[in-house]
Amino acid sequence: MRIAIVGAGAAAVGVLDALAVSGAEAGEVTVFEPSPHLWRGRPYGPDLDSVLVNAPPAIMSIRHADFGHYASWLGPERAEAHLDDLLGQPLVPRALYGEYLVDTAEAALAELRERGWRTRVVAARVVAAARSGRGCRLRTEDGHEHAADQVMVCVGGGTPTDHYGLGGAPGFVGDPYPLADTLDRVPGGAGVAVIGSGLTAVDAVVSLAARGHDGRIALVSRSGMLPHVWQRPLGYRPRRLTAERVEAGAVTLDGLAALLRAELDDAGEDFAHFTRELLAAGTEQPVERLRRQLAAVGDPSIGRRVLQESAHTIGPYAWRLLPEPDRERLRRHFRLATSVASPMVPVNAAILLRLFDSGQLTVVSSARKIEAGFLVRADGGDLKADVVVNAVNPPPQSVPHAAEPLVTSLLADGLATMHPSGGLVPADPRLHVVGDLAGGGPFITSGIPGVAARAAGALRTALSSGS
Ligand SMILES: Cc1cc2nc3c(=O)[nH]c(=O)nc-3n(C[C@H](O)[C@H](O)[C@H](O)COP(=O)(O)OP(=O)(O)OC[C@H]3O[C@@H](n4cnc5c(N)ncnc54)[C@H](O)[C@@H]3O)c2cc1C
């Protein structure tokens with residue numbers, strides 16, 4: 001079998017690793033990637049040490065269902081060197097996690113070659129794919145054609161959207177990564193407006209602080225809602241809100257809420273209080289909420305931990321089964337859901353709080369527009385800035401710019417269709433989509449466990465359709 005993998009980020013590593021451990025009969029695998037930073041994708045390339053992974057090792061394993069794979073690569077010494085005291089877990093720079101992806105991909109390729117597979121990495125962007133006989137033909141930007149039987153589309157998500165039309169304005173940073181390059185151009189005393197208040201905005205603020213920035217920094221966003229703060233893992237396993245229970249009953253939002261309520265009841269926690277506290281994120285003063293959350297890192301309540309974990313474990317499966325009106329209800333809470341499902345690490349929360357308390361950092365919510373120059377127009381008053389950093393990520397299922405011609409050709413050839421809520425859905429057994437572009441997937445961005453699960457599932461399907 002000839003397998004083509006388009007894109008070489010975490011999703012591609014998950015596919016290759018699953019192929020290496022599958023024991024499949026020898027064939028040919030070709031990976032296409034234009035970036036010089038193979039296997040790292042957008043998030044895990046070389047960058048500042050202040051740019052950290054945002055989850056503990058148990059949920060950063062790219063080998064599906066082997067939760068210890070990344071932790072054993074990290075080893076006790078590196079784990080100790082990167083221990084986050086507040087979380088009680090190692091949190092490494094994302095560039096170091098990128099080394100894990102590189103090592104995993106290279107080990108998989110070596111294992112495959114040992115078993116007789118031909119492996120190739122083509123340093124080019126794929127711009128088209130179409131059916132050809134019983135297989136497919138892919139075309140790269142340089143005009144070369146490549147044949148494959150199964151095509152895995154692993155092209156990642158989009159880059160930040162320029163909501164305020166500031167592209168090209170002097171002092172505007174359209175895409176913040178790598179922060180090592182973009183922040184290098186920011187003078188130490190400049191007034192900086194960071195658009196957004198999610199994890200990318202937190203990365204930008206923390207990295208400015210790490211570089212000794214002493215100018216004013218404002219987080220400019222419509223909602224002003226910050227990510228929640230990670231709580232120390234307790235090793236608690238849900239007994240009610242489980243995949244088995246979800247499989248057993250009709251899946252509705254009320255049904256899932258009832259399972260969570262039962263989970264909390266068992267633990268002696270008040271469900272009504274829990275939901276009130278969550279929904280208060282929309283109205284509570286963000287700095288005070290951050291302060292309370294930081295103080296609650298070691299709080300033994302299970303509620304938020306169970307909800308956060310379930311969003312990534314049961315969430316993707318349940319999402320596909322939910323009736324559309326329930327999905328719509330959830331989409332209305334996109335900001336809150338994202339902030340709970342993808343919290344910030346306590347070490348970053350502590351830095352943010354210090355900057356808020358010193359008055360260097362502020363939140364500007366209800367921003368209406370930003371004029372070149374720069375002037376932020378917000379309901380609470382205007383704000384001047386020398387530099388604007390765009391830290392707004394596009395929603396999942398956005399088509400990345402680099403993959404637009406490829407997606408257009410897949411649709412034209414009938415290999416794929418667009419899902420009504422966004423994202424790409426295979427319409428032919430020769431095509432598979434892994435990562436945030438996969439249509440019908442959850443409305444929140446996948447973490448590594450979701451990417452790894454989807455990679456292993458897609459590989460299984462590819463091997464069975466191609467045999
Ligand atoms: C900034 C950021 C930080 C994150 N941090 C974490 C974290 O700490 N923990 C966690 O669990 N999750 C995190 N995530 C979520 C998740 O881990 C990542 O989104 C994950 O890297 C997704 O992998 P991917 O392979 O789908 O996409 P990507 O990593 O984006 O890789 C896609 C690759 O495809 C290539 N490509 C695109 N178009 C083409 C084409 N036409 N032809 C050939 N190649 C192409 C790109 O160059 C890129 O290398 C983060 C996400 C982001 C955006």
The residue from 107, 128, 124 that alone is farther than 29 Å from residue 209 by Cα, of a type in the set (Gly, Ala, Ser) and away from the ligand (no atom under 13 Å from the Cβ) is 107
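Of everything in the range 1-33, what is assigned to a loop (DSSP other than H, G, I, E, B), near the ligand (Cβ under 6 Å from one of its atoms) and not small (Gly, Ala, Ser)? Give them in sequence order.
Residue satisfying the conditions is 33 alone.
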Test residue 46 against the criterion of being more than 8 Å from the ligand (Cβ to nearest atom) and in contact with a His (Cβ under 8 Å, 6 or more places away or on another chain), and give yes or no.
-> yes
Looking only at the range 441-460, decide whether some residue is surrounded by fewer than 18 Cβ atoms within 10 Å (Cβ to Cβ), away from the ligand (no atom under 13 Å from the Cβ) and farther than 25 Å from residue 215 by Cα.
-> yes
Answer residue from the range 412-430, given it is away from the ligand (no atom under 14 Å from the Cβ) and not in a loop (DSSP other than H, G, I, E, B) and is farthest from residue 200 (Cα to Cα) among those | 413
Checked 186, 173, 155, 194 against criteria (among the hydrophobic types (A, V, I, L, M, F, W, C) and within 11 Å of the ligand (Cβ to nearest atom)); the one match is 155
Is it true that some residue in the range 49-71 is surrounded by fewer than 23 Cβ atoms within 10 Å (Cβ to Cβ), more than 18 Å from residue 449 (Cα to Cα) and either more than 16 Å from the chain's Cα centre (by Cα) or basic (Lys, Arg) (or both)?
-> yes
Out of (1) closer than 19 Å to residue 455 by Cβ; (2) more than 10 Å from the ligand (Cβ to nearest atom), the one residue 77 does not meet is (1)
For residue 137: the one exception among (1) assigned by TED's automatic domain parsing to the domain that holds residue 59; (2) among the charged types (D, E, K, R); (3) within 14 Å of the ligand (Cβ to nearest atom) = (3)
Search result, residues across the range 393-410 that are of a type outside the set (S, T, N, Q), farther than 18 Å from residue 316 by Cα and either more than 14 Å from the ligand (Cβ to nearest atom) or touching a residue at least 12 places away in the same chain (Cβ under 8 Å) (or both) | 394, 399, 400, 401, 402, 403, 405, 406, 407, 410
With the range 304-346 as the region, which helices (runs of 4 or more DSSP H) entirely inside it contain at least 1 residues that are in the same structural domain as residue 280 (by TED's automatic domain parsing), out of contact with any Phe, Trp or Tyr (no Cβ under 9 Å at 6 or more places or on another chain) and closer than 17 Å to residue 279 by Cα?
-> 324-331, 334-341
Is the range 380-403 home to any residue that is β-branched (Val, Ile, Thr), surrounded by fewer than 19 Cβ atoms within 10 Å (Cβ to Cβ) and not in a helix (DSSP H, G or I)?
-> no
Got at least one residue in the range 37-59 being over 23 Å from residue 199 (Cα atoms) and in the same structural domain as residue 108 (by TED's automatic domain parsing)?
-> yes
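The values are calculated or read from the model by the stated rules, or taken from the named source; none is laboratory data. If you're wondering where the values come from, they're calculated on a predicted model, not measured in any experiment. Don't worry about glycine lacking a Cβ; one is built from the backbone with ideal geometry, like all the others, and counts go over all protein chains shown.
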